[in-house]
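Each reported figure results from applying straightforward, stated rules to the coordinates on display, with no laboratory input. Please read all numbers here as calculations on a predicted model, not as lab measurements. We place every Cβ from the backbone using ideal geometry, glycine too, and count neighbours over all the protein chains shown.
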Amino acid sequence: DQRNRVVFLGAGGVGKSSVLQRFLFGTYNEKYKETIEDLFAKEYDICGTHLKVDFLDTAGNIAFPAMRRLSIVNAHGFVLVYSITNEKTFEEVKQLWEQIKEARENYQEIPCVIVGNHLDEENNRQVERFDALNWAYNEDLGGGFIEVSAKEDTGISDIFKLLLGQVKTPRAKH
Ligand code: GDP
Ligand code: MG
């Protein structure tokens with residue numbers, strides 16, 4: 001039986017680990033602990049379907065390009081995270097999406113959600129919601145865009161609803 005692997009990618013410090021930790025354990029930690037690679041195995045029963053999901057948390061920086069490539073090639077779904085307070089991290093999401101398109105022929109069928117974290121820091125916003133949404137829409141990422149705060153637990157569970165929504169749509173056709 002199949003396990004679905006959801007890979008978290010994005011620049012270092014944008015909050016990938018914090019978003020995952022908030023979603024999986026309902027906790028939040030102010031202290032920054034750098035990630036190399038962490039895998040969290042979960043099982044869900046959704047509408048009578050048993051779903052096994054492995055969440056892969058990755059290192060943000062490009063210190064491990066081979067690991068990143070491997071994580072892209074093996075993924076069944078992506079969560080691409082940036083910080084709304086840092087334009088550069090949004091540019092990195094765009095680059096990651098280019099890498100995904102290059103590495104995966106069927107990228108249009110792979111669920112991918114774009115996540116703008118640090119929504120609690122609206123005062124320091126550098127990436128306009130409309131610009132990010134517009135980019136995601138033009139790239140055919142459809143509804144796969146959301147702004148969240150791991151710190152304040154805003155929008156976190158919606159990330160996974162969006163992800164699952166994208167997973168289910170193609171299957172429902174069979
Ligand atoms: P990662 O490198 O992408 O995994 O980032 P982390 O999840 O380790 O977070 C880096 C730092 O940002 C940590 O100190 C977190 O406490 C902080 N952080 C994460 N998410 C948020 C958020 O939504 N708002 C604020 N203000 N800080 C956050
Ligand atoms: Mg991390």
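A few remarks follow.
- Helix content alone sets the calculated 222 nm mean residue ellipticity of the chain: runs of n ≥ 4 DSSP H residues at -39500 (n - 2.57) each, divided across all residues, give -11500 deg cm²/dmol.
- In a reduced charge model with +1 at each Lys and Arg Cβ and -1 at each Asp and Glu Cβ, the chain shows a dipole moment near 500 debye about its Cα centre.
- Overall form of region 1-111 per C-alpha gyration tensor (a/c, 1.5; a/b vs b/c): oblate
- Summarising the label geometry, the points placed 7 Å from Cα in the beta-carbon direction at THR35 and ALA66 lie 2.2 nm from one another.
- Annotation: lysines with alpha-carbon distance below 18 angstrom to LYS161 (same-chain offsets under eight excluded): LYS16, LYS42, LYS52.
- The mean sequence distance of close C-alpha pairs (under 8 Å, at least 6 residues apart), as a share of the length of the chain, puts its relative contact order at 24 percent.
- Unsatisfied cross-links (Cα-Cα over 24 Å) in the set LYS31/LYS88; LYS101/LYS151; LYS33/LYS151: LYS101/LYS151
- Ranked by how many other Cβ atoms sit within 10 Å of their own Cβ, fewest first, the residues SER149, SER71 fall in the order SER71, SER149.
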